[in-house]
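Just below is one structure, and these are the notes that go with it.
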Number of protein chains: 2
Amino acid sequence: MALNTPTLETPVTTADKIFDLMLHAIVDGTIPSGNKISEPELAKQYEVSRSTLREALNRLEKCHLIERKANVGSRVVECTIESLLEIYVVRESLEGMACRQAAIHMTDEEITDMQNMLKQHATSQALKDGVAYYQEEGDLDFHYKVILGSHNKQLINILCGQLYHLVRMYRIQFGMNSPRATRAFDEHSRIVEAIKDRDGELAELLMRRHIAASRKNIEKKIAQLNTEI
Amino acid sequence: MALNTPTLETPVTTADKIFDLMLHAIVDGTIPSGNKISEPELAKQYEVSRSTLREALNRLEKCHLIERKANVGSRVVECTIESLLEIYVVRESLEGMACRQAAIHMTDEEITDMQNMLKQHATSQALKDGVAYYQEEGDLDFHYKVILGSHNKQLINILCGQLYHLVRMYRIQFGMNSPRATRAFDEHSRIVEAIKDRDGELAELLMRRHIAASRKNIEKKIAQLNTEI
DNA sequence: AATAAATGAAGTGTCGACAATTTTGCACGT
DNA sequence: ACGTGCAAAATTGTCGACACTTCATTTATT
């Protein structure tokens, strides 16, 4: 149920496993953002050949988690505020559309499944009411389900395969367990309602507002941080 | 000026060159859509080692032009109507947002540059007036400029780096030099106007309509084809 | 005869070594 | 002391060979 393993396909080849390991290491900051990646060093560390490591690097590049320059090398993508805001712009656009498509294409079963998930969030939120972290996990879960509900492979690929790792990385590294938990939950509820009503236009509008609100929340925090200093 | 080389970075390494060659081969159908890719065969054909070829395959996978399954192999992505329509949905969303961002972030120079390009399209269109192909190139050029105008790296990456090769592939393989040339030109003009007025909301709306119109045009054609048979 | 197991061929994944490029460090000269 | 140029070291790109998986054909068993 919970989104503990963000990699959908089970790793079969060793390059897959190295990819998984490095993915988590980069997302949680074990391999710091902006760091240069030494192929020989990491190959030795993970006890694989350089070819295998490079295969993993290729997939990390596909997720926009590392950047490569020919004959120079790879480095972990830099976590900047600008980049974070850019991602939110893309999410607002894409997840909004995903939400519209979900209102069109989701099956009734999928919708009730999502409603049940929300109910569960409601109770667990009531229990821990102040604690935002769990709700954050639930937030990811919710967005995930909406995206899959679009039944649009291109959308799913871009959002789940690429952007979401970046989103998780920023959340963890910037420590953004935002205090928007209860408000986010209300917003989720309304979105589900719109989807249930098959009102694609409203669903898109609400999702865009929801994500834009998160973005503005971040912008506000940044502004506060800047004035405090 | 024209978009003859869709690869932005000049290829330096041999894997880059093989990637370029295969990219064009796949886009124009020399390597047919849906085909299985034999690594030993293609390596011999391009006269490179399998490692180098695999490096190129990795980048093609990044563009969603091929799909890989572990221990089984790669095949060129299948050109289906459903997938084409899915791409248009993503484009409507992302390019709409790119257009909104362009209205915010484009410099005055970039805007006048785009206006000049449109003027040039107008004259060359008057000359060839019936011929749609050139306008199609111009269409891609226009969209390209808007995307770059968003100044959003994430958007640029996804649209120019990944989706646009797919779009070109479908255009060429489905022979979609659509008769919307003159109408598309008018729509482009209005979009530029909105950007010039710094009206992001309108710019996004117009771009979404523009792309949605293309999509509906395709849907109509498909419907016609189905009734004719 | 039909299904299942086995065997072989073909293809993909992984490895270590070599070639080409970039970076580093040192010597030299101004 | 500083900048320039060269040489050596380190790193990336490329190659060919080997290991393992998958698929097809053949063989054996019920």
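The values are calculated or read from the model by the stated rules, or taken from the named source; none is laboratory data. Values in this document were obtained by computation on a predicted structure and should not be read as measured data. When we count neighbours, we look across all protein chains shown, and the Cβ atoms used for this are built from the backbone with ideal geometry, even at glycine.
Values as computed for the structure displayed
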{"read-out": "Residue count for region A:147-168, restricted to those that are more than 8 Å from chain B (Cβ to nearest Cβ), surrounded by fewer than 22 Cβ atoms within 10 Å (Cβ to Cβ) and free of Cβ contacts under 8 Å to residues at least 60 places away in the same chain", "value": "3"}
{"read-out": "Matching residues in region B:93-105 - criterion: being facing another protein chain (nearest Cβ under 7 Å) and not small (Gly, Ala, Ser)", "value": "B:94, B:97, B:101"}
{"read-out": "Number of positions in region B:50-71 that are within 19 Å of residue A:70 (Cα to Cα), near DNA strand C (Cβ under 9 Å from one of its atoms) and small (Gly, Ala, Ser)", "value": "1"}
{"read-out": "Matching option when the condition is within 19 Å of residue B:213 (Cα to Cα) and among the small types (Gly, Ala, Ser), among B:83, B:74", "value": "B:83"}
{"read-out": "Selection status of residue A:58, closer than 21 Å to residue A:168 by Cβ and either under 19 Å from the mean Cα position of the chain (by Cα) or at the interface with chain B (Cβ under 9 Å from one of its Cβ atoms) (or both)", "value": "yes"}
{"read-out": "Residues of region B:51-62 satisfying the condition of being of a type outside the set (S, T, N, Q) and within 6 Å of DNA strand D (Cβ to nearest atom)", "value": "B:55"}
{"read-out": "Residues (away from chain B (no Cβ under 14 Å), hydroxyl-bearing (Ser, Thr, Tyr) and over 23 Å from residue A:161 (Cβ atoms)) located in region A:19-55", "value": "A:38"}
{"read-out": "Selection from region B:36-48 of residues that are more than 9 Å from DNA strand C (Cβ to nearest atom) and in a loop (DSSP other than H, G, I, E, B)", "value": "B:47, B:48"}
{"read-out": "Any pair with Cβ under 7 angstrom, 6 or more apart, that starts in region B:213-225 at a residue that is within 16 Å of residue B:187 (Cβ to Cβ) and ends at one that is at pLDDT 85 or above and exposed (fewer than 14 other Cβ atoms within 10 Å of the Cβ)", "value": "none"}
{"read-out": "Residues within region A:62-82 that are touching a helix residue (DSSP H, G or I) at 6+ places or on another chain (Cβ under 7 Å), facing chain B (nearest Cβ under 10 Å) and not in a loop (DSSP other than H, G, I, E, B), tallied", "value": "1"}
{"read-out": "Any hit, region A:87-101, residues being part of a helix (DSSP H, G or I) and basic (Lys, Arg)", "value": "yes"}
{"read-out": "Total residues in region A:14-49, condition over 20 Å from residue B:70 (Cβ atoms) and within 11 Å of DNA strand D (Cβ to nearest atom)", "value": "9"}
{"read-out": "Residue check, residue B:80 under 30 Å from residue B:216 (Cβ atoms) and without any contact (Cβ under 8 Å) to a residue 60 or more places away in the chain", "value": "yes"}
{"read-out": "Any hit, region A:10-24, residues being more than 16 Å from DNA strand C (Cβ to nearest atom) and under 26 Å from residue A:151 (Cβ atoms)", "value": "no"}
{"read-out": "Given (1) within 16 Å of DNA strand C (Cβ to nearest atom); (2) closer than 29 Å to residue A:93 by Cβ; (3) aliphatic (A, V, I, L, M), number of the condition residue B:81 does not satisfy", "value": "(1)"}
{"read-out": "Enumeration of residues in region B:34-64 that are crowded, with 17+ Cβ neighbours inside 10 Å and touching a strand residue (DSSP E or B) at 6+ places or on another chain (Cβ under 7 Å)", "value": "B:37, B:57, B:60, B:61"}
